[in-house]
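The values are calculated or read from the model by the stated rules, or taken from the named source; none is laboratory data. Bear in mind that the values here come from a model prediction, so they are computed numbers and not experimental data. Every residue, glycine among them, receives a Cβ derived from its backbone with ideal geometry; neighbour counts consider all protein chains shown. Surface accessibility is based on the protein's heavy atoms, side chains included, excluding ligands, DNA and RNA. Shrake-Rupley method; radii C 1.70, N 1.55, O 1.52, S 1.80 Å.
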Amino acid sequence: MSTSRRYVVIGAGAVGALLSAQLQLAGIGTVLVARGRNLEAIRAGGVRVRRPRVTDVVHVPVVGGPRELTLTPDDVLVLATKTQDAETVLAEWAWLPVEGGGAGAALGADLPILTFQNGLATEDLALRRFRRVYGVTIGVAASHLVPGEVVSPSEPVIGLAWLGRYPDRRDDAQAGYTADLVRAGYDVRSVADISAWKARKLLGNVGNGLGVLAGTRAEKDAAREILVAEARAVYAAAGIREPADPAPEWGRALTVEEVPGHVGGRHSTWQSFARGAVDERGVSSEVDHLNGEIVRLGRMHGVATPVNERLQRLLGAQARDREEPETHTVAELVAASLPDALVP
Ligand SMILES: NC(=O)c1ccc[n+]([C@@H]2O[C@H](COP(=O)([O-])OP(=O)(O)OC[C@H]3O[C@@H](n4cnc5c(N)ncnc54)[C@H](OP(=O)(O)O)[C@@H]3O)[C@@H](O)[C@H]2O)c1
């Protein structure tokens, strides 16, 4: 079924540029919002999507910001930046006029917005301005290291996602967004408890930062277990639930193949550090909203989260000093101790 919906995808990185390209390939309306060298590259040559057997060049409509676009009542906003950039984008887009929207959708804040971030923060940030917020939890093995380019090593399913209205419920509109994402190549489930799915995903993401440290697989597995155990302890204290459904069998649902010339298996946090080491703007990492979210909840509920906090501090200092991935080690993370005053 075709609709007149247009997805305005804000943030042209691994998740956003790939999503906009997939929507365009599926014949679904989209416009991508990019900036800097990424914008220049996409304007000049489209989004290059490198896949295991082919590279697609997808000419998505692209703009450099809200001044280059007129919003219409059929638009669905997609927040595809990292969490640390969400507030700026939400403030920028909420109060734009919507052409022909009348009283029903007069401002950007009246349009639906899909929030794709890892962590637990962006739905509440969005809800301060937007009435219709839909959280999306996504699992993709995508990578964005070069302007204008994303690597998508999964076929035929591009990524797995869970989509639901926030605060937690299911509404009629989300079936349409889910269907569009399915047409675009994602395996998506419409859910009534998106917060629980975001919480479960965060249990995976608290280990992202380990990818930036040097260490053996066994060392990282052991450290990950501690990070997750701390996260589960704060969830229990805070009354945060995981979904009743069993965890997905990621390996079966999402195949990850080799893409020629690409080193796979590196999370978005690793990508941020790798890009930041060579970008004059430095590193902008999401760690404060991943491990930092667990630390915040621990402080709120009186639960110690020393290894999450050490990882956050280690990577915060590494970002400050613009050190490349693998400058620090998992052994340093596990051996270091926090000053007593920092443990609640
Ligand atoms: N990568 C993955 O495989 C993956 C998987 C699951 C979930 N996620 C989650 O999805 C979210 C997006 O991650 P990502 O990996 O796609 O991040 P990313 O590759 O860093 O892309 C984010 C993009 O947003 C752009 N941006 C930031 N502020 C902007 C603004 N004000 N206006 C326009 N563009 C702006 C950034 O531009 P600059 O480059 O110029 O800063 C960047 O191109 C994160 O919450 C992440 O945790 C990622």
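Counted over segment 177-318 with a bin width of 5 Å, the fraction of Cα pairs per bin, in whole percents, is 2, 9, 15, 18, 19, 17, 13, 7, 2, 0.
Can you tell me what percent of all Cα-Cα pairs in segment 1-136 are more than 25 Å apart? That tail contains 23 percent of the Cα-Cα pairs. Other residues with beta-carbon under 15 Å from the beta-carbon of ALA237 carry, at +1 per Lys or Arg and -1 per Asp or Glu, a net charge of +1. For VAL15, the accessible surface of its heavy atoms amounts to roughly 40 Å² (probe 1.4 Å, protein chains only, rounded to the nearest 10).
Place +1 on the Cβ of every Lys and Arg and -1 on the Cβ of every Asp and Glu in the chain, take the dipole about the Cα centre, and give the residue among GLY204, GLY148, GLY215 whose Cα lies farthest towards its positive end. After comparing all options, I get GLY148. Of the GluC sites (Glu not before Pro) found in segment 187-285, those in coil by DSSP whose Cβ has at most 15 other Cβ atoms within 10 Å are GLU249, GLU257, GLU258, GLU280. Once a ≥ b ≥ c are taken as the square roots of the eigenvalues of the Cα gyration tensor of segment 158-213, is the result rounded (a/c under 1.5), prolate (a/b larger than b/c) or oblate (a/b not larger than b/c)? Note, shape of segment 158-213 comes out oblate. Solvent exposure of the chain, expressed per residue, is 44 Å² of accessible area, with all protein chains present and a 1.4 angstrom probe.
Could you tally the net charge around ASP193, taking each other residue with its Cβ under 14 Å from the Cβ of ASP193, Lys/Arg +1 and Asp/Glu -1? My count for the surroundings of ASP193 gives +3. Within segment 41-98, the trypsin sites (Lys or Arg not before Pro) that combine a DSSP coil assignment with at most 14 other C-beta atoms in a 10 angstrom radius are ARG53.
Put simply, the C-alpha atoms of segment 98-139 give a gyration tensor, and the ellipsoid matching it has half-axes of 24, 10, 6 Å, longest first. Remark on the chain: hydrodynamic radius 20.7 angstrom, per the Kirkwood mean of 1/r across alpha carbon pairs.
Using a probe radius of 1.4 angstrom, the carbon and sulfur fraction of the accessible surface of segment 87-139 is 56%. Among the GluC sites (Glu not before Pro) in segment 47-154, those placed in a DSSP loop whose Cβ has at most 15 other Cβ atoms within 10 Å are GLU99. Scaling against 2.2 N^0.38 Å puts the C-alpha radius of gyration of segment 17-85 at 1.14. Could you compute the net charge surrounding ARG5? Neighbours are other residues with a C-beta less than 11 Å from the C-beta of ARG5; K and R count +1, D and E count -1. Local charge sum for ARG5: -2.
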